[in-house]
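J.: My structure is below; once you've seen it, I'll send some questions.
The values are calculated or read from the model by the stated rules, or taken from the named source; none is laboratory data. Bear in mind that the values here come from a model prediction, so they are computed numbers and not experimental data. Cβ: placed from backbone, ideal geometry, glycine included. Neighbour counts: every protein chain shown. For the accessible areas, the whole protein counts, side chains as well, though only heavy atoms, and no ligand, DNA or RNA atoms are used. Shrake-Rupley method; radii C 1.70, N 1.55, O 1.52, S 1.80 Å.
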Amino acid sequence: MISLKTSISEISPIAKKLNSRLKKLGINTIEDLFYHFPVRYDDFSQVKKINQLIAGEKAIVKGRINLIENRRSPLQRKLLTQAIFSDESGDIKVVWFNRPYLLKTIKQGDELYLFGKVQSTYESLQIVSPDFEKVRSIEKEGGFLLPIYDLTAGISNKHLRFFVKTSLNFLNSLIDYLPPESRKKHKLLDLNIALKEIHFPSNRDLLHKAIVRLKFDELFLIQLKNQILKQKNKKIKAERINFKEKEIKDFVKKIPFKLTDDQRKATWAILLDMQKKYPMNRLLNGDVGSGKTIVSAIAMFNVALNGFQSAYMAPTEILAGQQFKALIHFFQGENLKLALFTRVEHKICSLINEKIEKIKKKDLLEKIKRGEINIVIGTHALIQEKVFFKKMALVVIDEQHRFGVEQRKALTLKSGNKKTEPHFLSMTATPIPRTLHLALFGDLNVSLIKEMPKGRKKIITKIVESSERQKTYDFVRKEIEKGKLAFVVCPLIDESDKLGVRSVKEEFKKLSQQVFPDLKIALLHGKLKADEKEKIMKEFSNGKIKILVSTSVIEVGVDVKDATIMLIEGAERFGLSQLHQFRGRVGRNSDQSYCFLFSDNLSEKSRERLEALVENSDGFELSKKDLELRGPGEVFGKSQSGFPELKIASFFDYVLVEKANQEAINLLESDCNYSPFKEKIKEFEEKVHLE
Ligand code: ADP
Ligand code: MG
């Protein structure tokens, strides 16, 4: 029997033929097809008369092709398809480039809708490379809001519309898992109607309602899954780690600064979590520079006091090396042993004398296994390699907002006790509004650090045009003479140069030969060996190197106190959140820091984006702005900073987020008896189990 789970290739011979291409779009089943939402709609009800067109606008006209022919442009030898298009108000010229086969599709006398940009030439107006639809087929395909999809080679909008049309009657067999009372309470369309309307809207009102229903579903299902995970987590056993209050208080007194209130609260929550008999699952969220490391350090210290080991995972080798040092600094004088374990680096440090020693990998593995190391700092190598602990009870994951189930399992197997799971603490600077925490991380407990350490000055951010380049370099030189250090970040020049090695090399050459020939400058990129990277970072930290030219490898976490200048080349090529991360590399103490955004050809839109960065120092505000500025072309904000589960709903649908959350929790708590809903839960539990 055909159902929504049936393979797409069964709906028509064409779909069968295009099967592998459809797979590229993630469409395997009929259901996938329905959930491949349009990215926008062409509104064929807003037709303009030809004599009303204005240069520069994007418009739709309806009329008839009077003449169409292919020509070669004499100068550029480009192939042109030219047409004269008329309605009752007048004629206009239409041009397409390099599409000679159009003559096979469009014939003289055809009645078409054209959708494209109006340009003025010397003599008159013309429409350039418009999309087109036959009037008859639009009227046949139904509605004036025509869906436009994400495509791939060999699949056209027409294909997708045809497949959806052909599949519409399968929707009748779709059973809505959401109980009728819930639908009524939140005034939601039935699922099958929503799925029909999102592809072929009867009108704007129904389209809007369809979007609301589908957004609701996404948020609701995320929450449902989270709640199920949370319930499951409570059944898992973990080591109970006592909160050694006296020792912790003494330790906190020794820290060279005073913890902020948010740091205190987060630490407290973590220490209480770890006393429970099921694993902690907490997310520590705080903007760059808010001081997350020390919070995790206190947690790891408490674990060590209880006789257990901790694992700290950083996203890059540079960061692992740096956090190793930062932790050594915090723990000086304590009776602890720390180790660094990455793919290429293996070191230990006994905090009694703070001596760092290189050690053979084999010997380090042995020490970890015998329980001689209290805290192992590393990269993903901790998961990938044969690192086995004697008694490991806490995993800290830096700069990641969630830990994969697979990775969790792998670490549990290495913890030394297969009957318990370690406690998990993830740390992230990803700016997420409070309402969304519950929606996205309902299975985690969240601590927020909103308050920055005292005494930090606002980083002065400036957009620098080419004419001001030299002035800025002079300023940088003066600061360096005062003992300050500078970062220079470069974007990728071309796609083939994935690590951006070429562009940093050029910049490095320019700066070291022409601009600052007398200063020590170093180059950092992803292709360098770990020990080279480390040497460079060390010499930069202690001020031997004055300027560090780098690719975006320094994006997260790097902490160099005397670095007060961040200079970003080609700033318009980076997203706002990423720029904010770069900027977070400076301003790490009470000195005035600066961020210079270099951009040689700035479009109006890019300028607006960069200005948002100049005006704003709040990561969350910036990510919101980024989304707004990404433009009206996209109806639905996709790919939102690493949350693929949100295809259509957005971070900023506050009200809906709230409603969907409540409804999911209510239905679970009230043991809802509606059988399609219960089916859905069963399906989820199986999925969660399989993961
Ligand atoms: P992030 O949250 O980005 O990981 P870090 O933990 O690297 O931030 O902290 C940034 C810098 O601020 C570090 O040099 C750290 O020692 C310092 N720091 C952390 N907490 C405080 C505080 N309460 N007062 C002053 N400085 C602090
Ligand atoms: Mg950090």
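J.: Given the criteria among the hydrophobic types (A, V, I, L, M, F, W, C) and open to solvent by 80 Å² or more (accessible area, probe 1.4 Å), does F85 qualify?
T.: So F85 fails the test.
J.: For segment 336-353, how many residues are crowded, with 20+ Cβ neighbours inside 10 Å, in a loop (DSSP other than H, G, I, E, B) and either within 28 Å of the chain's Cα centre (by Cα) or within 16 Å of ligand 1 (Cβ to nearest atom) (or both)?
T.: Looking only at that region, the number is 1.
J.: Residue under question is E123, and the condition is that it be free of Cβ contacts under 8 Å to residues at least 12 places away in the same chain and assigned by TED's automatic domain parsing to the domain that holds G56; does it hold?
T.: yes
J.: Conditions: (1) under 28 Å from L444 (Cβ atoms); (2) surrounded by fewer than 20 Cβ atoms within 10 Å (Cβ to Cβ); (3) free of Cβ contacts under 8 Å to residues at least 40 places away in the same chain; (4) not basic (K, R). I356 meets all but one. Number of the miss?
T.: Every condition holds for I356 apart from (1).
J.: If you check S202 against the conditions, is it among the polar types (S, T, N, Q) and either open to solvent by 30 Å² or more (accessible area, probe 1.4 Å) or at pLDDT 95 or above (or both)?
T.: Yes, satisfied.
J.: Sticking with this one: Which number in (1) of a type outside the set (K, R); (2) at positive phi; (3) open to solvent by less than 10 Å² (accessible area, probe 1.4 Å) marks the one condition that G333 misses?
T.: (3)
J.: Report the residue count in segment 291-323 for those that are part of a helix (DSSP H, G or I) and within 16 Å of ligand 2 (Cβ to nearest atom).
T.: Going through segment 291-323 one residue at a time, the tally reaches 16.
J.: Any chance you could count how many residues in segment 68-82 are more than 41 Å from the chain's Cα centre (by Cα), surrounded by fewer than 12 Cβ atoms within 10 Å (Cβ to Cβ) and touching a residue at least 12 places away in the same chain (Cβ under 8 Å)?
T.: The qualifying residues number 1.
J.: Yes or no: segment 273-285 includes at least one residue that is of a type in the set (A, V, I, L, M), assigned to a strand (DSSP E or B) and either within 16 Å of ligand 2 (Cβ to nearest atom) or closer than 23 Å to G371 by Cβ (or both).
T.: Among the residues of segment 273-285, at least one is of a type in the set (A, V, I, L, M), assigned to a strand (DSSP E or B) and either within 16 Å of ligand 2 (Cβ to nearest atom) or closer than 23 Å to G371 by Cβ (or both), which makes the answer yes.
J.: Just the residues that are out of contact with any Leu (no Cβ under 8 Å at 6 or more places or on another chain) and more than 16 Å from ligand 2 (Cβ to nearest atom), please, taken from segment 553-577.
T.: Across segment 553-577, the qualifying residues are M566, L567, E569, G570, F574, G575.
J.: Something else: Only residues that are assigned to a loop (DSSP other than H, G, I, E, B), away from ligand 2 (no atom under 16 Å from the Cβ) and under 17 Å from A299 (Cβ atoms): list them for segment 374-402, please.
T.: If the condition is that a residue be assigned to a loop (DSSP other than H, G, I, E, B), away from ligand 2 (no atom under 16 Å from the Cβ) and under 17 Å from A299 (Cβ atoms), then N374, F389, K391 are the ones that fit.
J.: Then there is this: Of the conditions (1) more than 30 Å from I648 (Cα to Cα); (2) at pLDDT 85 or above, K58 fails just one. Which one is it?
T.: (1)
J.: Please specify each residue of segment 310-320 satisfying the condition of being of a type outside the set (D, E) and open to solvent by 10 Å² or more (accessible area, probe 1.4 Å).
T.: Those that are of a type outside the set (D, E) and open to solvent by 10 Å² or more (accessible area, probe 1.4 Å): P315, T316, I318.
J.: Kindly indicate which of L548, L610, L597 is in a helix (DSSP H, G or I) and surrounded by 20 or more Cβ atoms within 10 Å (Cβ to Cβ).
T.: Selected residue: L610, the only one of L548, L610, L597 that is in a helix (DSSP H, G or I) and surrounded by 20 or more Cβ atoms within 10 Å (Cβ to Cβ).
J.: Quick one: which of K232, K276 is basic (K, R), in contact (Cβ under 8 Å) with a residue 12 or more places away in the chain and more than 22 Å from F389 (Cα to Cα)?
T.: Answer to the check: K232.
J.: Just to check your reading of the model, which residue among D591, D562 is among the acidic types (D, E), away from ligand 1 (no atom under 12 Å from the Cβ) and either touching a residue at least 60 places away in the same chain (Cβ under 8 Å) or at negative phi (or both)?
T.: Every option except D591 fails the conditions.
J.: Then there is this: Do you know which of the residues in segment 453-474 that are in contact (Cβ under 8 Å) with a residue 12 or more places away in the chain, in a helix (DSSP H, G or I) and not polar (S, T, N, Q) is nearest to N601 (Cα to Cα)?
T.: R469
J.: Here is a further query. Go through the residues of segment 428-444 one by one and say whether even a single one is at negative phi and modelled with pLDDT of 95 or more.
T.: Within segment 428-444, none of the residues are at negative phi and modelled with pLDDT of 95 or more.
J.: State which residue is surrounded by the fewest Cβ atoms within 10 Å (Cβ to Cβ) when the search covers only segment 399-416 and only residues that are at pLDDT 85 or above and either among the hydrophobic types (A, V, I, L, M, F, W, C) or within 25 Å of the chain's Cα centre (by Cα) (or both).
T.: Out of the qualifying residues, it is L413.
J.: Here is a follow-up. Counting only residues that are of a type in the set (G, A, S) and closer than 18 Å to Q384 by Cβ, how many does segment 329-349 have?
T.: 1
J.: What are the residues in segment 269-323 that are within 21 Å of the chain's Cα centre (by Cα), more than 12 Å from ligand 1 (Cβ to nearest atom) and not assigned by TED's automatic domain parsing to the domain that holds E334, if any?
T.: Within segment 269-323, R282, L283 meet the criteria.
J.: Still on this model: If S173 meets every condition in (1) modelled with pLDDT under 85; (2) assigned by TED's automatic domain parsing to the domain that holds I106; (3) not hydrophobic (A, V, I, L, M, F, W, C) apart from one, which number is that one?
T.: (2)
To keep it simple, each residue is scored yes or no on (1) in contact with an Asp or Glu (Cβ under 8 Å, 6 or more places away or on another chain); (2) away from ligand 2 (no atom under 16 Å from the Cβ); (3) within 17 Å of I681 (Cβ to Cβ); (4) open to solvent by less than 10 Å² (accessible area, probe 1.4 Å).
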{"residue": "L219", "(1), (2), (3), (4)": "yes, yes, yes, yes"}
{"residue": "L224", "(1), (2), (3), (4)": "no, yes, yes, yes"}
{"residue": "Q227", "(1), (2), (3), (4)": "yes, yes, yes, no"}
{"residue": "F243", "(1), (2), (3), (4)": "no, yes, no, no"}
{"residue": "E247", "(1), (2), (3), (4)": "no, yes, no, no"}
{"residue": "D250", "(1), (2), (3), (4)": "no, yes, no, no"}
{"residue": "K254", "(1), (2), (3), (4)": "no, yes, no, no"}
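J.: Restricting attention to segment 367-404, which residues are within 16 Å of ligand 1 (Cβ to nearest atom) and of a type in the set (D, E, K, R)?
T.: D398, E399
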